[in-house]
Amino acid sequence: MNVIKTKIPEVLIFEPRVFGDERGFFFESFNQQKFIEAAGLDIHFVQDNHSKSVKNVLRGLHYQIERAQGKLVRVTQGEVFDVAVDMRASSPTLGQWVGTHLSAENKRQMWIPPGFAHGFLVLSDTAEFLYKTTDFYAPQFECCVKWDDPTIRIEWPLQGMPILSSKDSQGLSLQAASKFA
């Protein structure tokens, strides 16, 4: 497995070693020991989630201010542009973002640590998105940062306006949103 560092050191991209031939392919999508070695953290996942979205759906930017979740995300069908935004008040990278293309083809995964907001934009006709979390979903602690906050300036590869949920269309600005200590 290849581990790619990003401009925010805690956010990592994992590129698996894929074994393929005329029959198809095989790769190890998760290995706890290798993840601990690569991330330098003894992380345990408690929940797996799976979503399907159509082209131009933008989900996010979500996080839980209490019971913060780390997320290991990947795409099994289609392609997305995946983003992590630092929401840690004491961090020198507060409000900065990292984005990467995740697809069924490249089989990459991104590690979004606790303390980060997360979102993605669907680039293909449809996409199936899977992610592991380090804590359970707790809607009472869920927060949402506006996807187009002018302070963050995420460079979404958009074609027109995105399709948003009502919750996501009411996201807060970075300035107004709750931060991690």
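We did not get these values from a lab; they are worked out from the coordinates using the rules stated. On a predicted model such as this, the values are computed, not experimentally measured, just so you know. In this analysis, Cβ positions are derived from the backbone assuming ideal geometry, glycine residues included, and neighbour counts consider all displayed protein chains.
Ignoring GluC sites (Glu not before Pro) that are buried or in helix or strand per DSSP, and keeping those with at most 16 other beta carbon atoms within 10 Å, what is the longest stretch of the chain between them?
106-154
DSSP loop (so not H, G, I, E, B), at most 11 other Cβ within 10 Å: list which trypsin sites (Lys or Arg not before Pro) in segment 1-59 pass both filters. Don't jump to the answer; show the numbers that get you there.
Numbers: sites: Lys5, Lys7, Arg17, Arg23, Lys34, Lys52, Lys55, Arg59; in loops: Lys7, Arg17, Arg23, Lys55.
Taking segment 1-59 and a limit of 11 other Cβ atoms within 10 Å, the loop trypsin sites (Lys or Arg not before Pro) found are Lys7, Arg17, Arg23.
On the first, second and third principal axes, largest extent first, how far apart are the outermost C-alpha atoms of the chain in Å?
52, 38, 29
Compute the longest continuous run of the chain that contains no exposed chymotrypsin sites (Phe, Trp or Tyr not before Pro); treat a site as exposed when its DSSP state is not H, G, I, E or B and it has at most 15 other Cβ atoms within 10 Å.
After excluding every exposed loop site, the longest remaining stretch is 31-135.
Which distance in Å, rounded to a whole number, links the C-alpha centroids of segment 16-59 and segment 109-147?
Spelled out, the Cα-based centre of one part sits 14 Å from the other.
Output the Kirkwood hydrodynamic radius of segment 54-152, Cα pairs only, in Å rounded to one decimal.
One over the average 1/r among Cα pairs gives 13.7 Å for segment 54-152.
I want to check the label-to-label distance for Ile4 and Arg23. Put each point 7 Å from Cα in the C-beta direction and report it in nm to one decimal.
The two pseudo-label positions are separated by 2.9 nm.
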